[in-house]
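Right, one structure below, let's go through it.
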Amino acid sequence: MNEFPVLQTKRLILRAFKMNDAPVVQFLAGDFAIADTTSTIPHPYPNGAAEDWISTHETDLLMDRGIDWAIARRQDSCLIGAITIRIKENEKAEIGYWIGKPYWGQGYCSEAAQEVLEYGFLVKGLNRIYAFHFSRNPASGRVMQKIGMNQEGILRHHEKRWGKYEDLVVYGILRTEFNQINSTN
Ligand SMILES: CC(C)(COP(=O)(O)OP(=O)(O)OC[C@H]1O[C@@H](n2cnc3c(N)ncnc32)[C@H](O)[C@@H]1OP(=O)(O)O)[C@@H](O)C(=O)NCCC(=O)NCCS
């Protein structure tokens, strides 16, 4: 059985979601500012959706399809967001994340994403990790840059969200690049 990989950074703990996190997930992710720039978070956020989402995590972990971490602050255990790694073929994976609006701009997402990159390359033995953001969401692109990802291209009108086409910016990092950055730090 796969044990859930709890990760720690200076300020954060990345742990499994528990069913009793659902009301906080619904409250934070229920803000349109969160749903707006993600591909899948519904708005309005329906009752029961957080519980349904949390209930998928155990199987994803067991099947080695992916891991969904709750991002909590170490100082007060406050749940502030979520970060996910989706394992794909050929030793590659996609990451995605959101941070509750009251906690934006404090470096929390970059800190969590850096730790997830380390986990992906050093523990899971991945060769490539990539991520997408809507072109109108530069804060997410900045997170990708800060963790050492390179912009690889733009998929024009690749998605339709809220009735409008979205350009997707693709970022990625290879294991060799990750090792190089982290051996010089
Ligand atoms: C994107 C998101 C996860 C960032 O979380 P965060 O914890 O605020 O991120 P960080 O503080 O680690 O880094 C944000 C960076 O973006 C920068 N930034 C913020 N708004 C920006 C803007 N409009 N243009 C350019 N950069 C911006 C910040 O200054 C910071 O960079 P810096 O440290 O160099 O100053 C958060 O805004 C969010 O959850 N948004 C809604 C959901 C979402 O879009 N998820 C990602 C889908 S791809």
TODO: Kindly work out what percent of the DSSP beta bridges joining two residues of the range 7-184 are antiparallel, to the nearest 5.
DONE: 90
TODO: Taking 7 Å along the Cα-to-C-beta vector as the label spot, tell me the Ser135-Ser55 distance in nanometres, rounded to one decimal.
DONE: 4.0
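Would you work out the Kirkwood radius for the range 85-167? I mean one over the mean of 1/r across all pairs of different Cα atoms, in Å.
Values: mean 1/r = 0.0719 Å⁻¹.
Computed over the range 85-167, the radius equals 13.9 Å.
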Open item on the list: Given the DSSP H assignment, sum -39500 (n - 2.57) over each helix run of at least 4 residues in the chain and divide by its residue total; what's the result at 222 nm in deg cm²/dmol, nearest 500?
Closed with: -8000 deg cm²/dmol
- [ ] Would you give the gap between the C-alpha center of the range 1-38 and the C-alpha center of the range 120-185, rounded to a whole Å?
- [x] 20
Task: Length added when fully stretched, Gln106-Lys164, from 0.36 nm per residue minus Cα-Cα - done: 17.9 nm
Open item on the list: How would the range 104-147 be classified by its alpha-carbon gyration tensor: rounded, prolate or oblate, with rounded meaning a/c under 1.5 and the a/b versus b/c comparison settling the rest?
Closed with: oblate
Task: Three principal axis lengths of the range 48-136 [C-alpha, angstrom, descending] - done: 37, 30, 29
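Full extension from Ser39 to Arg73: what is 0.36 nm times the residue separation minus their Cα-Cα distance, to one decimal in nm? Provide the component values of the computation, followed by the final result.
On the way: separation 34, 0.36 × 34 = 12.24 nm, distance 2.56 nm.
Computed gain between Ser39 and Arg73 is 9.7 nm.
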Task: Where chymotrypsin sites (Phe, Trp or Tyr not before Pro) in DSSP loops with at most 16 other Cβ within 10 Å are excluded, longest remaining stretch of the chain - done: 1-103
Task: the range 83-137: GluC sites (Glu not before Pro) falling in loop per DSSP and having at most 15 other Cβ within 10 Å - done: Glu89, Glu91
TODO: Return, for the Cα atoms of the chain, the radius of gyration and Dmax in Å, separated by a comma.
DONE: 15.9, 47
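Readers should treat all values here as calculations from the given coordinates under stated rules, not as data from a laboratory. Keep in mind that what you see is a predicted model, and the values were worked out from it rather than measured. All Cβ positions, glycine included, derive from the backbone under ideal geometry; neighbour counts span all protein chains shown.
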